[in-house]
Structures are given as C-alpha cells and as structure tokens.
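Enquirer: Here it is: the structure, laid out below.
Derivation of every value follows stated rules applied to the coordinates shown; laboratory data play no part. These figures come from a predicted structure and were not determined experimentally. Using ideal geometry, Cβ is built from the backbone for each residue, glycine included, and neighbour counts are taken over all protein chains shown.
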Amino acid sequence: MLEVRLEKRHAGFTLKVDFYAGNEVLALLGASGAGKTMTLQCIAGTARPDRGRIVLDGRVLFDSELRIDIPPQERDVGLLFQNYALFPNMTVRQNLQCGLVHAVPRKARAAEVDQLLRSFCLTGLGDHYPHQLSGGQQQRVALARCLARKPRLLLLDEPFAALDSHLRWQLEQELVDTLADFGGTTLYVTHDREETRRLCHRVCVMRKGSSMPVVGVWDWYHKPATQSAALLAGFENVAEAIPSNGVAYIPQWGAHWPCPRNAVVGVAFRAEQARLSPVQEDLSIACRILRTSEQETICVPAGGVDALLRIQPDARFAPGDAVWCCIPADSAVWLEQEG
Amino acid sequence: MDLFPLINSLRVAAISTVLTFLLGIWAANGITRLPAWLKGALDCILTLPLVLPPTVVGFFLLKTISPKAPLGALLLESFELKLTMTWYSAIFATTIVAFPLMYRTARGAFEQLNPEWAACAQTMGLSRRFIFWRIKMPNAKAGLLAGTVLSFARALGEYGATAMVTGYIPGRTATIATTVYQLWREGNDALAFRWVAIDLVISFSVLVAVNLLEKRGGGARAGSAA
C-alpha cells in the first residue's frame, strides 16, 4: 500500500500529486511532460520533493515536516525504465547480481541468479551483454533485476514504449503473470489507453503536473468527468454544452439535447457508439457526410461551427448524403467543469 | 646527444598526467552534485588555465611558491623545500595547464552516461562508491582515456609556465620544449631540428592514439544504446 502526497517545483511547473494505491496495478496516465516520471523519481528517492509525505506499507519514506528522507538504497522500491537502464559494461549475470547486492549473501548469489535466469526464460543468456539481446530479452533482464531483491513497490516507467507492437502483447501477458506473483503495489506510468485497459486496475490521470482523483479503469474509460479526461480516454467527439432547463445547446454541433443536470459544461461520445440514420432521434445531429474510409465516416454538422464528427463506417451512405448522426442516450457522457 | 631533456620531459609529463587524471575526474564527478550557480562559477575557474596564456599561470605560480612568496618562504624555512628552479617545479606548471583538458573531457564523458543507470542502481541498494567505480568509470572509459592522453600531450608540450618556474638548467631542469628554445637562441639549428623531430613523433603518436580511442568509444556507446 502506498500513500503519496507531494509537491515539487521543477523545470517551470509545479508537480502536485496526491493519491493512494493498494496492492494493485495503478496507472499513472498522462501526456509526456505531465510529470509522471518525476513523480516516480520522487517516490524512488532519486529526486526530492519540496513538500509532502510518502508512506509505503506503513513505513514513512519521506516526510518533509518530520524531516524524514530515506535514501533510495533503503526504500525497497524496484524501478524499471522505458529503455531498461541495463548496465552495458556488465553481462546479464552481472546485472542480475547487482540487483542482489545487500539482499542475498555473496555465496548464495550465483544460485539465486540461476533461479532468476530460469524463471524469466533467460537460461543460456547469462554471459551475454545487454546489446547482444533483443528488446524483449532486455526487458526481461531489467524486470528480473528490479524484482531480484523482492521490493515492496514496483515502479514501471512506460515499460513497453521501446518495443515493436507485435512483441508487446506477448510480453504484456508475461508481465500480467509477473505482477500477479509480485502481489504488492505497482505504479504503471503510461500514455497508452489500450495498455492501461489491459494491465491496470485503477487510473490516476496526471495533467500539467497535477494528479486527478483515482478512478477505476472502467469508469475512467467509459465515464470521464471532464473534457480533458474524455480526450485522454480517447473519446473522438467532444464538444462544449450550454445547459438550460434540462436542455443543453451544443453550438459546435448545432444540436439541442436533453441533459440530466444543469452543472454540465460539455458532452462527448465515441465513434463506435454513434450510428447514422435517415431519421431524427432524441440525441442526434443533423449532418452531411464529408468522406468515408475503411475505419470511419467523417461528417460535417449542418448547423455547427468548425466541427467534424467521427463515426463508425456505414456502407449505406456516401459522401454528400444528408443524414442524422444518432447517439443512444446512455452513450453520451456529460462533462463537468475541470476540477 | 644528451637525452636528459627527453627523460625529464617524460617524467614530468607522466607525473602530472597521473595528478590531472585523479584531480580532473574528481572535479568532473564532484561538480555535478553542486547547485547550479556554484557549478557555473567553478566550471569557469577550472577551465581558466586552458585559455590563459601559460605565462600568466607561471606568474601566479611564482607569486605563490617561489622562495620570495609567503608560502614558498614558509616551505623553504620549515622543510628546506624549494619549489622553483628544480626539475619537479615543472610538475606544478604542467599539471595546472593540462588540468582543464582532463576535467572537461571527463565531465563530457560523465554527462553522456545515462542518468537512469545511477537511479536504477540506487534503488537496487548499490552505494555511491559502487556506482562510481563499477558503473560510471567503466562506461566512461573511452572518454577518460582520451582525456588522459590529451593531458599527457599537453603536459609534454608545455613551455611558458614551465620556463618561468624551472628556468633552463642543462642536465637539471631542461625539458624538450625549453631545450628547443635554448638551442635556437644559441643558433644550434642541427640539434634543435633533432629535438623538434622527436617532439613531432611523440605528439603525432599521441594524437593517433586519441583518435583511435575516440573511435572505439563511439562504437561502445552505439552498442550500449541498442
């Protein structure tokens, strides 16, 4: 279990992070430059927050008021970087041995390394140097190295970003097993939506250095609360909404839709949830088809301003057709003011 | 032909190379941990001997260690240690003049290392000392060697500051550089040419060595990035 509350001024912005993670895989999700990696560094102890408190399994790692700052060497944290940070001057075996220093007595290390090589499918590669390994093998070595001394917390910084997409899925499946065996808290830094949905249990969205409240992965993907959350969750169609007496006017789409609350400021729906129809429905947008492709249909709202709608492909209609773009009521997500 | 200048030059250059090697790496590694303003100021001071005329270095040295200067007088009085006009006086001059080359190449070599190595190593419980000796030094090896060879070459070629603190005493303080100057003044061109040839051969070999080291270093880095 990990409690993090920290502030740090860094390179022109202020990092402000506040979250709690149980024995689960928590995604730290955000665009590059949102402060995800700096957050990991603060937790690992290789960077120092200006203020805050970090507690891991009841042990205070950092507390600015109590002046506690445990050095990274004693934090029991495993750190895995995007490019793995294997030491290029050492063989796989020596890299793994580094992970065991202080954790296993010298005499037992060789046997422990053999065990690690076996359990991470690296048998026979012990005497290779990192540059002689494939990307997937390098990742396995790095993962074995940071799990070698049985850390209480695992920090993974975009572990799949350096791999080809066809390799990723299989290695992801291996990682799911590894993380299940690990059983402790894992923070998973990523900007990849699909990866988040496959690997993580809950999501902490980071935006411009600030962390948003943690939500379950289903809620994050299907029920974003704000416009930026909807964009980050991959909603193709997001617009401003002006509510009044149960009806929201959506200027960009030239539509008036019944809305459940008066506090809304926007609305969003996914391309796959909208369909084209010759007749109007409750939630629909009058539009003309601009172009079609194998993947999607692009429409221009008839009464809208500067907006394009992205909708799933529909062979019944051709460019130039006037149609209604219809959205089932439970698929439209109403958005609130950014917290 | 008396080979004393060659031997003297080589021993002075060798000793000052060992000193610049240690001091340069120590400074290059230590400066990364300082706050930015101090880093900038110290970096200027440490690089200064590279751009100052060696005579200015020689002047400062004489004002510090000559028997007429306070420190030099103290050393002479208490330990009967005379730091100027001896063969080892040249070590002070060549060390100071060669230091910036070692310091700057070492700093460059350390800065090229992936900072994630140290971060990862720390979380694995590895000490600062282990990280420095077993990770930073081996991976910066090519750059450090190139810096060492360059410092050696610079120390071997030092004239201005050396001449000021050692003078020219044949068989006692003469180096190749001061010998060439002396021979030219005496009009002994034949012997001067010989020393020039020796110096050219040494300098050329050193530069070839630097090039080879840098090429190998580039290869190793490309390998580690893969």
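Enquirer: Of A:10, A:166, how do they rank once you tally other Cβ atoms within 10 Å and put the fewest first?
Expert: So the residues, fewest neighbours to most, are A:166, A:10.
Enquirer: Rounded to whole Hz and in sequence order, give me ³J(HN,Hα) for region A:293-301 from the Karplus expression 6.51 cos²θ - 1.76 cosθ + 1.60, θ = phi - 60°, writing x for Gly and Pro.
Expert: Along region A:293-301, the couplings run 8, 3, 8, 7, 10, 9, 10, 9, x Hz.
Enquirer: Here's a follow-up. Take the alpha carbon atoms of region A:215-339, find their radius of gyration, then divide it by 2.2 N^0.38 Å using N residues; give the quotient.
Expert: The reported ratio for this selection is 1.02.
Enquirer: What's the exposure ranking of A:253, B:195, going from fewest to most Cβ atoms within 10 Å?
Expert: Placing the least packed residue first, the sequence is B:195, A:253.
Enquirer: Ok, one more. Run the reach check for residue B:82 against lysines, Cα to Cα strictly under 24 Å, same-chain hits fewer than 8 apart removed. What comes back?
Expert: Once the sequence-local lysines are set aside, what remains near residue B:82 is B:63, B:68.
Enquirer: For Cα pairs less than 8 Å apart in space and 6+ apart in sequence, what is the mean separation divided by the residue count of region B:4-221, i.e. the relative contact order in percent?
Expert: Here the relative contact order equals 30 percent.
Enquirer: When chain B is treated as a GNM, springs tying every alpha-carbon pair under 10 Å, which of B:67, B:138, B:54 comes out with the largest mean-square fluctuation?
Expert: Top of the fluctuation ranking is B:138.
Enquirer: Suppose every K and R has +1 on its Cβ and every D and E has -1 on its Cβ; what is the size of the dipole of region B:4-221 about the Cα centre, in Debye to the nearest 20?
Expert: Value, rounded to 20: 600 debye.
Enquirer: Each label point is 7 Å from the Cα along the Cα-to-Cβ direction; what then is the distance between the points at residue A:245 and residue B:22, in nm?
Expert: 8.9
Enquirer: Sticking with this one: Within 10 Å of each residue's Cβ, count the other Cβ atoms and sort A:208, A:36, B:215 from fewest upward.
Expert: With the sparsest Cβ surroundings first, the list reads B:215, A:208, A:36.
Enquirer: Which Cα, out of A:113, A:92, A:42, lies furthest along the positive dipole direction of region A:3-117 (beta carbon charges, K/R +1, D/E -1)?
Expert: A:92
Enquirer: Give the shape of the protein assembly as shown as rounded, prolate or oblate, defined through the alpha-carbon gyration tensor: a ≥ b ≥ c are the square roots of its eigenvalues, a/c under 1.5 means rounded, and otherwise the shape is prolate if a/b is larger than b/c and oblate if not.
Expert: In terms of gyration-tensor shape, prolate.
Enquirer: May I have the pair-distance distribution P(r) for chain B, computed from all Cα-Cα distances with 5 Å bins from 0 and rounded to whole percent?
Expert: The distribution over chain B is 1, 7, 12, 15, 16, 14, 12, 9, 7, 4, 2, 1, 0, 0, given as percents.
Enquirer: Strictly over 21 Å apart at the Cα level, which of A:150/B:136; A:8/A:150; A:16/A:36; B:141/B:215; A:8/B:136; A:8/A:223 would you flag in this model?
Expert: Exceeds cut-off: A:150/B:136; A:8/A:150; A:8/B:136; A:8/A:223.
Enquirer: Could you tell me how many degrees, from 0 to 90 and to the nearest 10, lie between the Cα long axis of helix B:54-65 and the main elongation axis, the longest principal axis, of the Cα atoms of chain B?
Expert: Rounded to the nearest ten degrees, it is 80.
Enquirer: Given the options A:111, A:322, A:241, state which has the largest fluctuation in a GNM of chain A using a 10 Å cut-off (strictly under) for Cα springs.
Expert: A:111
Enquirer: Right, here's the next one. Antiparallel DSSP bridges in the protein assembly as shown: what percent, to the nearest 5?
Expert: 75
Enquirer: Provide the FRET efficiency to the nearest 0.05 for the residue A:201-residue A:3 pair, computing r from the beta carbons and using R0 = 22 Å.
Expert: So, using R0 = 22 Å, E works out to roughly 0.85.
Enquirer: Give me a comma-separated list of calculated 3J(HN,Hα) values for region A:51-67, in order, Karplus coefficients 6.51, -1.76, 1.60 applied at θ = phi - 60°, integers in Hz, x for any Gly or Pro.
Expert: With coefficients 6.51, -1.76 and 1.60, one gets 8, x, 8, 10, 10, 10, 6, x, 9, 6, 8, 8, 8, 5, 6, 7, 6 Hz.
Enquirer: Which FRET efficiency value, to the nearest 0.05, do you get for residue B:33 and residue A:63 by plugging their Cβ-Cβ distance into 1/(1 + (r/R0)^6) with R0 = 25 Å?
Expert: Step by step, r from the Cβ atoms, then E = 0.60.
Enquirer: Once you keep just the Cα pairs under 8 angstrom separated by 6 or more residues, what percentage relative contact order results for chain A?
Expert: 17
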